[in-house]
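Derivation of every value follows stated rules applied to the coordinates shown; laboratory data play no part. Given the structure is predicted, the values throughout are model-derived calculations rather than measurements. Neighbour counts are summed over all protein chains in view; Cβ atoms, including those assigned to glycine, are modelled from backbone coordinates with ideal geometry.
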Amino acid sequence: MSDERLSRVLVLGTRPDRLNLGTVILNRLVEDGWTGLGYMCLDDDGVYRLPAADWEEYDAMICTLGYTRMVPFKNADEDDIHEVIRACLVLPLMAAKAYVQERQDRGGTMVFIGSYAHDHPLTYGAAYCAAKAGLAMAVRELAWELTDLAFYSHILHPYHVPATPMGSEVVWGLMEGRGMTREQAEEYQRKDLKMPAHLTPEVVAEVVSWLLREPAARWLAGTGLDLYGGTR
């Protein structure tokens, strides 16, 4: 590749059994010429944990970790809140901590996957919205602290991406929480859509690829990129 920055990338949140967002991003970056390694970060006991990775070996770290549990807040228990906050906010921050502290003066690029929920309320999604809003602000702070140390921090906020496990979870939540059929839930998802079709994992992966290979993208450090396609 012509860009000397292309080397090794670590992607957190891949799934070997399906093409989730992390897996699609990893595959795209490998096509671009990166040497990539992906971790699912979901252990056999069902708990999300960070891997014992050689963080210092990777010029870029992509964090797609996330989890949602769509429960009406009046019925939510402690686990309903804690597990979402841990997967969507605590673990990404711990990943950033490991990456920055292991890389030290070598710098690197960190890209986090946020959500439309960072600035839009989602029904039955209080903990998820809070976590994604917190992650967006954390990335701004990371950029403020670390850009002059050659760490570039980015976050993407996709609109609905139905072709992912998370997208399926949202449809299921609408069916359960609002008594909708699948067809009604999918139609509800389309009600504010301005583009001809929903956002796809491949489009998100393309934006991640651009952030990593375009030198001018460093000026977007700390800036959330809203992939809303005209949706308010």
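Details
- Listed options for Kirkwood radius over Cα pairs in Å are (i) 18.0; (ii) 23.0; (iii) 20.8. The value calculated from this structure is the one marked (i).
- Helix-only CD estimate at 222 nm, as mean residue ellipticity for the chain, using -39500 (n - 2.57) per DSSP H run (n ≥ 4): -12000 deg cm²/dmol
- If R0 is 25 Å, the Cβ-Cβ spacing of ASP77 and THR231 corresponds to a FRET efficiency of close to 0.20.
- Amide H to amide H, with H built 1.01 Å from N, THR109 comes under 5 Å of ALA60, MET61, TYR152, counting only residues 5 or more places away or on other chains.
- Other-chain or far-sequence residues with amide H under 5 Å of VAL11's (modelled H): LEU37, GLY38, TYR39, ILE62
- Within a Gaussian network of the chain (alpha carbon springs, distance under 10 Å), most fluctuating of PRO215, PRO196, PRO16: PRO196
- Equivalent ellipsoid semi-axes, the range 1-95, via Cα gyration tensor eigenvalues times 5, rooted, Å: 30, 13, 11
- The residues packed around LEU146, meaning those with a beta-carbon under 14 Å from its beta-carbon, carry a net charge of 0 if Lys and Arg are +1 and Asp and Glu are -1.
- Among LEU89, LEU42, LEU65, residue whose mean-square fluctuation peaks in a GNM of the chain (springs only between Cα atoms under 10 Å): LEU42
- Efficiency of FRET from Cβ geometry, ASP44 and ALA150, R₀ 35 Å, rounded to 0.05: 0.40
- Whole-number Å³ per residue for the convex hull built on Cα positions in the range 105-202: 117
- Simple label model, 7 Å out from Cα along Cβ direction - ASP119 to GLN101, nm: 3.2
- Taking the chain and dividing mean pair separation by its residue count, relative contact order in percent (alpha carbons under 8 Å, at least six apart): 22
- Residue-count net charge about GLU206 - beta-carbon cut-off 14 Å; Lys, Arg +1, Asp, Glu -1: -2
- Checked against a 30 Å cut-off, the cross-linked pairs LYS74/LYS194; LYS74/LYS191; LYS97/LYS194 give Cα-Cα distances beyond that limit for LYS74/LYS194; LYS97/LYS194.
- Charge sum, other residues only, whose C-beta stays under 13 Å from ARG103's C-beta, Lys/Arg counted +1 and Asp/Glu -1: -3
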